[in-house]
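Asker: One structure coming up, written as C-alpha cells, with questions to follow.
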Amino acid sequence: MLQIRTPKTGRAKREVEKRAPKIVETGKKTLILHGTKTSQVLNTVLTEIYHLKKDNAVKYTRRNDNIRPFESGGETSMEFYSLKTDCSLIVFGSHSKKRPDNLVIARTYDHHIYDLVEVGIENFKSMVSFSYDKKLAPQIGSKPFFAFIGEGFENVEELKHLKEVLLDLFRGEVVTNLNLAGLDRVYVCTAVSSNRVFFTHCGLRLKKSGSVVPRMELVEVGPSMDLVVRRHRLPEDGLKKEAMKIAPELTKKKEKNVSKDAIEGKIGKIYMPDQQVGSVPLPNKAKGVKRERREAKKKGDTKKHEVKKQKLEA
C-alpha cells in the first residue's frame, strides 16, 4: 500500500488539493490496463478507447498477472492503480480460450471497486477501416450525443447496467449549458438481443434545414463492434447509498407553501386566520360619535351666546 505522507512543498500541496473531494466533481479519468494475455483485436480496441478519451485517460502497456476481476483478492491491484493515478473508471482487457477478447469495465468509489461489467468483443472494425471526409472527424474533448435504441435498455437488467457504465465511460465532464455548434459525434448503441449490443461511433454533419435547428446526418467514423454481456456485478446496497449522497450545499431548502407550475410559474399560498367579526366588541365611544357631539356642543354654545346678547340689549 502507499505510505501516507504530508505534503511539504507547494507543488505537492496543490496536487493533493486536486485529488481532494469537491462539491462539483470534474470529469472522470479512465485507466486502461492489459491482462496476462491479449489478442491483436483487443489491443486495437484498448488503443482506440484511449484515443476517444485521450484528454482524460491513462494507459498502461505492461502486462498484469495478478488482476482477476470477479474473484476475491483479484481486484486489489486495480484499486491500487486507481489510487495511484486518481482514476475512477478502469478498462481491463484480457484474452483466454474460455473468454476470448474479454473487456471488463469497472467503476470505483473512493478508489474501491463499485461495480463491474464484462463484455466480449465481436465483429470489430477499427477507425482505419472507415473512409470519410477527415473534416468530419470529431475533435478531442468534444461532448457527444448518445442514442440507445431498443427496449432491452429499459427491461433487461444486464443492458440497463451496461447503459449506465457506457454513459459514465464516454460522456466526459458534466456541463449545464452546451453549444449546438460544438456537437460533432454520436455514440449509437442498439440492443440486438437480451445480451448483445451493437456499438458504433458516428460523426455529425450539420446541413441547412430552412429553420434555426440544422438537419443532422450521421457518418460512421468508427470504431464499431458487438458487445456481448457475459458477467456483471451490481454495487452493494450500503455502498450505493453512500455513493449517492448529495452534499448539503447542493440541496435546495424546501420553501413552505410555494409550488411551481409550468404555465403559471411560481405559486404561493397565504393562510389568514378567520376574522370573527360578530364576536368582536365595538367601543362605546366611536370617533364619529365624538365628532358629532363636539359639533353639537359648539352649536349649543353659539346659541346661548346669542340669547345673552339679546337680553343685554333689551
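Asker: Looking only at the stretch 21-35, which residues are within 31 Å of the chain's Cα centre (by Cα) and open to solvent by less than 40 Å² (accessible area, probe 1.4 Å)? Walk me through how you get there before you give the answer.
Answerer: Looking only at the stretch 21-35, we keep the residues that are within 31 Å of the chain's Cα centre (by Cα), and these are 21-34.
Across the stretch 21-35, the qualifying residues are Gly27, Thr30, Leu31, Ile32, Leu33, His34.
Asker: Name the residues in the stretch 189-209 that are more than 19 Å from Val117 (Cα to Cα) and either open to solvent by less than 70 Å² (accessible area, probe 1.4 Å) or among the hydroxyl-bearing types (Ser, Thr, Tyr) (or both), would you?
Answerer: So in the stretch 189-209, the residues more than 19 Å from Val117 (Cα to Cα) come out as 201-209.
Residues satisfying the conditions are His201, Cys202, Gly203, Leu204, Ser209.
Asker: Also, I was wondering about something else. Whether any residue in the stretch 85-98 is among the charged types (D, E, K, R), touching a Leu at 6+ places or on another chain (Cβ under 8 Å) and surrounded by 10 or more Cβ atoms within 10 Å (Cβ to Cβ) is what I want to check. Let's see the steps before the verdict.
Answerer: Taking the stretch 85-98 and keeping what is among the charged types (D, E, K, R), we get 86, 97-98.
Applying the additional criterion that residues be touching a Leu at 6+ places or on another chain (Cβ under 8 Å) yields none.
Looking through the stretch 85-98, none of the residues is among the charged types (D, E, K, R), touching a Leu at 6+ places or on another chain (Cβ under 8 Å) and surrounded by 10 or more Cβ atoms within 10 Å (Cβ to Cβ).
Asker: Given the conditions (1) open to solvent by 30 Å² or more (accessible area, probe 1.4 Å); (2) under 23 Å from the mean Cα position of the chain (by Cα); (3) farther than 24 Å from Leu33 by Cβ; (4) hydroxyl-bearing (Ser, Thr, Tyr), which single one is not true for Tyr132?
Answerer: Looking at each condition in turn, Tyr132 falls short on (2).
Asker: So, one more: Taking interchain pairs and intrachain pairs at least six residues apart, which have beta carbon atoms under 9 angstrom, with the first residue in the stretch 95-113 and over 19 Å from Met78 (Cα atoms) and of a type in the set (Ser, Thr, Tyr) and the second outside any strand (DSSP E or B) and open to solvent by less than 20 Å² (accessible area, probe 1.4 Å)?
Answerer: So the pair list comes out as Ser96/Gly35.
Asker: Let me ask something else about it. Out of Thr38, Thr44, report the one residue that is part of a helix (DSSP H, G or I), among the hydroxyl-bearing types (Ser, Thr, Tyr) and open to solvent by less than 50 Å² (accessible area, probe 1.4 Å).
Answerer: On the way: Thr38 fails: part of a helix (DSSP H, G or I).
One residue alone meets the criteria, Thr44.
Asker: Among (1) assigned to a strand (DSSP E or B); (2) at pLDDT 95 or above; (3) open to solvent by 30 Å² or more (accessible area, probe 1.4 Å), where does Leu218 come up short?
Answerer: Single failed check for Leu218: (2).
Asker: Tell me, yes or no, whether the stretch 244-263 has at least one residue that is surrounded by 10 or more Cβ atoms within 10 Å (Cβ to Cβ) and in contact with an Asp or Glu (Cβ under 9 Å, 6 or more places away or on another chain). First the steps, then the outcome.
Answerer: Step one: of the stretch 244-263, the residues surrounded by 10 or more Cβ atoms within 10 Å (Cβ to Cβ) are 247, 255, 258-259.
Checking which are in contact with an Asp or Glu (Cβ under 9 Å, 6 or more places away or on another chain) leaves us with none.
No, that holds for no residue.
Asker: Just to check your reading of the model, which residue among Val175, Val212 is loosely packed, with under 14 Cβ neighbours inside 10 Å, within 19 Å of the chain's Cα centre (by Cα) and without any contact (Cβ under 8 Å) to a residue 60 or more places away in the chain? Can you show your working first?
Answerer: Values: Val212 fails: within 19 Å of the chain's Cα centre (by Cα).
Just one listed residue meets the conditions, Val175.
Asker: Which number in (1) more than 24 Å from Thr36 (Cα to Cα); (2) among the acidic types (Asp, Glu); (3) surrounded by 14 or more Cβ atoms within 10 Å (Cβ to Cβ) marks the one condition that Asp115 misses?
Answerer: (1)
Asker: On to the next question. Evaluate the stretch 170-177: report whether one residue or more is in contact with a strand residue (DSSP E or B) (Cβ under 8 Å, 6 or more places away or on another chain), closer than 18 Å to Pro138 by Cα and among the charged types (D, E, K, R).
Answerer: Step one: of the stretch 170-177, the residues in contact with a strand residue (DSSP E or B) (Cβ under 8 Å, 6 or more places away or on another chain) are 170-171.
Among the residues that remain, those that are also closer than 18 Å to Pro138 by Cα are: 170-171.
So of that shortlist, the ones also among the charged types (D, E, K, R) come out as 171.
There is at least one residue in the stretch 170-177 that is in contact with a strand residue (DSSP E or B) (Cβ under 8 Å, 6 or more places away or on another chain), closer than 18 Å to Pro138 by Cα and among the charged types (D, E, K, R).
Asker: Still on this model: List the strands (runs of 3 or more DSSP E) that sit entirely inside the stretch 97-160 and contain at least 2 residues that are touching a helix residue (DSSP H, G or I) at 6+ places or on another chain (Cβ under 6 Å).
Answerer: Output list reads 102-109, 112-125.
Asker: Is one or more of the residues making up the stretch 207-221 touching an Asp or Glu at 6+ places or on another chain (Cβ under 8 Å) and under 20 Å from Ile32 (Cα atoms)?
Answerer: Step one: list which residues in the stretch 207-221 are touching an Asp or Glu at 6+ places or on another chain (Cβ under 8 Å), which gives 207, 219.
Imposing the further condition that a residue be under 20 Å from Ile32 (Cα atoms) reduces the set to none.
The answer is no, given that none of the residues of the stretch 207-221 is touching an Asp or Glu at 6+ places or on another chain (Cβ under 8 Å) and under 20 Å from Ile32 (Cα atoms).
Asker: Might you let me know whether the stretch 65-79 holds any residue that is touching a Phe, Trp or Tyr at 6+ places or on another chain (Cβ under 8 Å), of a type in the set (D, E, K, R) and open to solvent by less than 50 Å² (accessible area, probe 1.4 Å)?
Answerer: Taking the stretch 65-79 first, the residues touching a Phe, Trp or Tyr at 6+ places or on another chain (Cβ under 8 Å) are 67, 69, 78.
Restricting the remaining residues to those that are of a type in the set (D, E, K, R) gives none.
Looking through the stretch 65-79, none of the residues is touching a Phe, Trp or Tyr at 6+ places or on another chain (Cβ under 8 Å), of a type in the set (D, E, K, R) and open to solvent by less than 50 Å² (accessible area, probe 1.4 Å).
Asker: In this structure, is Lys8 touching a strand residue (DSSP E or B) at 6+ places or on another chain (Cβ under 7 Å), more than 26 Å from Ser142 (Cα to Cα), open to solvent by 80 Å² or more (accessible area, probe 1.4 Å) and not in a helix (DSSP H, G or I)? Spell out how you get there, then give the answer.
Answerer: Numbers: touching a strand residue (DSSP E or B) at 6+ places or on another chain (Cβ under 7 Å): no; more than 26 Å from Ser142 (Cα to Cα): yes; open to solvent by 80 Å² or more (accessible area, probe 1.4 Å): yes; not in a helix (DSSP H, G or I): yes.
When the stated conditions are applied, Lys8 does not pass them.
The values are calculated or read from the model by the stated rules, or taken from the named source; none is laboratory data. This structure is a prediction, so every number in the text was calculated from the model and none was measured. FYI the Cβ positions are ideal-geometry reconstructions off the backbone, even for glycines, and counts take in every protein chain you see. The accessibility values were calculated without ligands, DNA or RNA, using every heavy atom of the protein model including side chains. Shrake-Rupley method; radii C 1.70, N 1.55, O 1.52, S 1.80 Å.
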